[in-house]
Amino acid sequence: MKKSFNLLVSMLITFTVVSQNKKQQDIASIKKMCGCFEVKFNFVETFSYSKDSLYKPSKKKETDIVLEYAQLVEEGKDKISIQHLLQMGEADKTHVIKHWRQDWLYENTSFYTYNGDNEWLYESKNKDQVKGQWTQKVFQVDDSPRYENSSSWVHIDGKSYWENTTTAPLPRREYTQRNDYNVTLRGNRHEITASGWIHDQDNQKLIREKGKQDIVLAKEKGFNTYTRVPESRCAGAKKWWSNNKNKWVLVRNKWGKVFNKKETLVLKTKVDNKPLYKHLFDENCTKETDIESTIQAFVVN
C-alpha cells in the first residue's frame, strides 16, 4: 500500500513538473510575438460556391511592408496581453495607428463567440474542456470584441504553433466592400519562426441566418508574415504608446465591466453616425466618465 501511494505521489509530481515546463514553453512562444516587425499582409479568395452567375470574388490583397510594434501591455500568472501599433511614415515624421490587441488567457472558461450581425454569444466551458489550453482573445482597434477560442500550443520537431477555428466578424477590407455574407469562419495558425512569426489563415465566408444551416459562400487564404527588426525602428510607436496608454487602460477597464456581465452582447455599429473607434480616437475623449458613457452608448443590452 505504501509503495503504491509513493508511486502515485511520484507520478503526480512528475505530471505537475511537466505541465509547468510546458506552460513556460507556451509563455515563451507567446511573448516572441512582441517586438518590432516588418509585416506583410496577403489575402486571396481561393474557392467560390455561389450559385449567382454574376458573383465576383474579392480582389487579391497584397500590402506593402509596414512596421508594426507589438507592445507587451500586461503579464500575469495566467494572462499575457499584447497591443499592436502600426507605424507609418519616415522616422522623423511617424504616424501611429492603434491596431488590434490579443490577450492570451491560460485555462480560461469564459467565452464570447461571434454569431453574426454584431452579436456575441456568451458561453462558459468547464475546466476539463480547457485544461492546459490558452485562449486567444482578439479585439478591435477600439478594444471591442472580435473573436476568441481555446487550443493548446504545440511544440514538436523544432516547431511551436497554436491553431484554432472560430467565428468572427468580417475584416475591414471586406465589410467596406461586401454585404453578401455576415460571418467569417477563421482558421488561425500562429507559428513562431527563426525570423519572427507567421499568422496563417484558412477562412470561410459564411451566410448565417437564424434557424437555418450556415451556407459557405467562398473560401479564403491569408498569410501574414512578421519579420523581426531592431526595436529602434519602432521608436515612434513606443513613444506614442507611452503617451496614450493611460487612456486605453480606462477603455479596457470599461470593456472588462461589460464582459463581466457574462451574457449575450449586442453592439450598435454607429452612434451619432460614427463607429465606436472614431469616438474613442477623438483626442478630446480622455476622461473616464466620457469613455464609459461612449462605450455604453454602443451596448444594446
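In straight-distance terms, cross-link reach from LYS93 covers every one of the lysines whose alpha-carbon lies under 16 Å from its own, apart from those fewer than eight places away in the same chain; here that gives LYS238, LYS239. Legend note: in the chain, cysteines whose Cβ sits 4.7 Å or more from every other cysteine Cβ are CYS34, CYS285.
Ordering SER110, ASN149, GLN129 by the projection of their Cα atoms onto the charge dipole of the chain, which places +1 on the Cβ of Lys and Arg and -1 on the Cβ of Asp and Glu, puts GLN129 at the extreme positive end.
Residue ranking by accessible heavy-atom surface, 1.4 Å probe, largest first, among TRP100, TRP134 comes out as TRP100, TRP134. With a 1.4 Å probe rolled over the protein heavy atoms of all chains, the accessible area of ASP128, ASP26 falls in the order ASP128, ASP26, largest first. Think of each Lys and Arg Cβ as +1 and each Asp and Glu Cβ as -1; about the Cα centre, that makes the dipole of the chain roughly 400 debye. Lys/Arg Cβ at +1, Asp/Glu Cβ at -1, dipole of segment 61-215 taken about the Cα centre: which of LEU67, GLN177, ILE215 is farthest positive-ward? Checked the options; the winner is ILE215. For segment 56-124, taking Cα atoms only, Rg and Dmax work out to 17.1, 48 Å respectively. Here the chain exposes an accessible surface that is 51 percent carbon and sulfur, computed with a 1.4 Å probe and the other protein chains kept in place.
Dimensions of the chain from C-alpha coordinates, computed as largest minus smallest value along each principal axis and given longest first, are 72, 52, 40 Å.
The values are calculated or read from the model by the stated rules, or taken from the named source; none is laboratory data. As the structure is a prediction and not an experimental result, all values here were calculated from the model. Reconstructed Cβ throughout: ideal geometry from the backbone, glycine too, with neighbour counts over all protein chains shown. Each accessible area value is taken on the protein alone, full model and side chains, heavy atoms only, with ligands, DNA and RNA left out. Shrake-Rupley method; radii C 1.70, N 1.55, O 1.52, S 1.80 Å.
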